[in-house]
1. In whole Å, largest first, what are the principal axis extents of the Cα atoms in the stretch 187-230?
2. Please give the contour-minus-distance gain from residue 224 to residue 128: 0.36 nm per residue of separation, less the Cα-Cα distance, rounded to one decimal in nm.
3. So how much slack lies between residue 262 and residue 94, counting 0.36 nm per residue of separation and subtracting their Cα-Cα distance, in nm?
4. If we restrict to alpha carbons, what Rg and Dmax does the stretch 198-263 come to, in Å?
5. Based on alpha-carbon positions alone, could you give the equivalent ellipsoid semi-axes of the stretch 16-143 from the gyration tensor, as √(5λ), descending, whole Å?
6. Mind listing which chymotrypsin sites (Phe, Trp or Tyr not before Pro) in the stretch 1-52 are in a DSSP loop and have 15 or fewer other Cβ atoms within 10 Å?
7. Show me the ranking of peptides 201-212, 252-263 by mean Cβ neighbours inside 10 Å, starting with the highest.
8. Using the C-alpha gyration tensor of the chain, what are the square roots of 5 times its eigenvalues, in whole angstrom, with the largest one first?
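What follows is calculated from the coordinates using simple rules that are stated; it is not laboratory data. Computed from a prediction, not measured in an experiment: that's the story for all the values here. Cβ: placed from backbone, ideal geometry, glycine included. Neighbour counts: every protein chain shown.
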Amino acid sequence: VRRLTVPQIRNRKGGDPIVSLTSYHAHTAAIVDRYADFILVGDSLGMVMHGMESTVGVPMDLMIMHGKAVVRGTKKALIVVDMPFGTYEESPNVAFRNAATVMKETGCGAVKLEGGARMAETIHFLVERGIPVMAHTGLTPQSSHVMGGFKTQGRDEATWDAHRADARAVAEAGAFAVVLEGMVEPLAAQITKEVAIPTIGIGASADCDGQILVLEDMLGLNPWTPKFVKVYGQLGPMIEDSVKRYAEDVKARAFPTEDEVYR
Ligand code: KIV
Ligand code: NA
């Protein structure tokens, strides 16, 4: 089976909604692969998998390690890997070198980076040289220190023009899609109408051309659920129950039984 391609995702603008989730591991990615058009190896893995307080501390080798695992575990979806903080903002040259390393080492099909108009030159530079870029505007977690936390964008209508200009700039620079994160619904809907590339919403709008969620969030593995997450499974309680019963069995010498030993 051939993987979905970047042009196939781009051509879904205004068409069938694009399905996406994050994955960090081969085993969960293999399940997601049966349903998602693209899978994002998000730098949220720093917080979700490694207990960091933000994504700012995520190193590139961690993205490469998880990116490799997800590429190995999948065959159908386009795999997009996040460029972590500090690996692309400085200049188009630095961004190209690091994005090329991520693509070569992981075998992913595209990278994602945060930022609007300020990243347009870099996006153009990468795309011209063979690296497909997914953009990410609105709430950009790597800038949380500047923004003073994770704040929903566009609550003040005076900021809308700047957000619209950001999305237009990345589209015109050659991004094949743009994640709209954490912005008021009518702004996300308006941007979706205005830009020529698919918008992928998270905490955005049902009008977006696609949706993405962090897998662990929608599986109920996150002790705190943000408003924009719909919880489709309760894996946290399920894991807790399994671990608890195992601990009880071990203490009671009820495990292993005849079935689980070699004679
Ligand atoms: O890192 C991530 O998981 C992301 C998605 C939330 C879009 O960037
Ligand atoms: Na991210």
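1. Taking max minus min along each principal axis of the Cα atoms, the stretch 187-230 gives 37, 15, 10 Å.
2. Values: separation 96, 0.36 × 96 = 34.56 nm, distance 4.09 nm.
Between residue 224 and residue 128, full extension yields 30.5 nm more.
3. Here the answer is 54.8 nm.
4. 19.5, 61
5. Numbers: eigenvalues 94, 54, 39 Å².
Semi-axes, largest first: 22, 16, 14 Å.
6. Values: sites: 24, 35, 38; in loops: 24, 35.
Taking the stretch 1-52 and a limit of 15 other Cβ atoms within 10 Å, the loop chymotrypsin sites (Phe, Trp or Tyr not before Pro) found are 35.
7. Details: 201-212: 21.8, 252-263: 7.8.
Top to bottom by mean Cβ count within 10 Å: 201-212, 252-263.
8. Values: eigenvalues 241, 88, 63 Å².
Over the Cα atoms of the chain, the ellipsoid semi-axes are 35, 21, 18 Å.
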